[in-house]
Amino acid sequence: RNSTIIIYEDTHGEVKDAVSAVQKLIEVDKVSLILGGGPSQEAVAIAPIAQKAGIPFVSAVSQAPELNDAGDYVFRTMSDMDGLAEKLSEVVQQKNYKKIAILTANYNQATIAARDAFKKFISIPNIPIVFDEQFTKGVTDFRQQLNKIKMSGADVIFINGLASDAISFIKQKQELGVYGQVISQGSVEEQKLIDQ
């Protein structure tokens, strides 16, 4: 009788932990399939390890374009960022926004890809980007960037990071009374954002 054994490893949201976990799963546990790879930066690091070992790797949430050609053993269930960026640019046009601010997490391949794709699609109607900065992992104080956004006159703000980033940003935006509709992408779709 065949049975399926599921082995879990916690990456703690860290690339080095994801790499260690996948190496253990392959070398010690001898798994036949890897599901997961959470954030894009983890999936991008895991993909070549799984590919080299010939172990199928399926990422359910990564949208990093680096996975497009990562190999025959690398799969994902979400499209890359171009589709999302195109829809975001359509929303900006439909709502008739005039000036765009972009704030991007620079520690995640998918957010960098989202920024680049959004800029590509928004250049077609030529809506000006009046603010475009990046932030590093662990940043929780966005007041300096928010003040710059306020001065820029942006009426729509693309906060392009993870849910924890968006929570801090939106709270501080409200505290400072910064005008502008906030838009984002799939990585902020967490209940904790609504709750907080």
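Observations on the model:
- Charged side chains reduced to their Cβ positions (Lys and Arg at +1, Asp and Glu at -1) give segment 44-103 a dipole of some 340 debye around its Cα centre.
- For q = 0.12, 0.15 Å⁻¹, Debye-computed log10 I/I(0) when each Cα of segment 141-192 counts as one equal scatterer: -0.23, -0.36
- Hydrodynamic radius by Kirkwood, which averages 1/r over all alpha carbon pairs of segment 92-135, in angstrom: 11.0
- Amide H contacts of Phe135 (H built 1.01 Å from N, in plane; Pro and chain starts excluded): Thr104, Ala105, Asn106 sit under 5 Å, all sequence-distant by 5 or more or on other chains.
- Residue-normalised accessible area of segment 144-183, expressed per residue, 1.4 Å probe, Å²: 44
- For the chain, relative contact order (Cα pairs under 8 Å, six or more residues apart, normalised by length) works out to 15 percent.
- For Leu146, solvent-accessible area (1.4 Å; no DNA, RNA or ligand), Å²: 0
- Alpha-carbon Rg/Rh ratio, for segment 110-196, with Rh computed the Kirkwood way: 0.94
- Cα extents of segment 1-140 along the three principal axes, largest first (Å): 62, 31, 23
- Largest GNM mean-square fluctuation across Val182, Val91, Val61, computed for the chain with C-alpha springs under 10 Å, falls on Val91.
- Accessible area (Å², 1.4 Å probe, nearest 10) - Ile183: 20
- Difference of contour (0.36 nm per residue) and Cα-Cα distance, Gln51 to Leu193: 47.6 nm
- When a 1.4 Å probe is rolled over the protein heavy atoms, the share of accessible surface on segment 51-182 that falls to carbon and sulfur comes to 50 percent.
- Separation in nanometres of the label points that stand 7 Å from Cα toward Cβ, at Phe75 and Asp29: 1.9
- Karplus-based coupling profile of segment 130-145, in residue order and whole Hz: 9, 8, 8, 10, 10, 9, 9, 5, x, 5, 10, 10, 10, 4, 4, 5, with θ = phi - 60° in 6.51 cos²θ - 1.76 cosθ + 1.60 and x standing for Gly or Pro.
- Protein-only accessible surface order, largest first, of Lys173, Lys192, Lys95 at 1.4 Å: Lys95, Lys192, Lys173
- A Cα-only calculation for segment 42-125 places Rg and Dmax at 15.2, 50 Å.
- Formal net charge of residues neighbouring Asn68 (Cβ-Cβ distance under 13 Å; K, R +1; D, E -1): -4
- Gained length - Asp132 relative to Ile5, 0.36 nm times residue gap less alpha-carbon distance: 41.1 nm
- Student exercise, the chain dipole from Lys, Arg, Asp, Glu Cβ charges, in Debye to nearest 20: 480
The values are calculated or read from the model by the stated rules, or taken from the named source; none is laboratory data. Keep in mind the model is a prediction, meaning the values are calculated, not measured. Ideal geometry is used to build each Cβ from the backbone, glycine not excepted, and the neighbour counts take in all protein chains shown. To get the accessible areas, we keep the full protein, side chains included, count just its heavy atoms, and leave off ligands, DNA and RNA. Shrake-Rupley method; radii C 1.70, N 1.55, O 1.52, S 1.80 Å.
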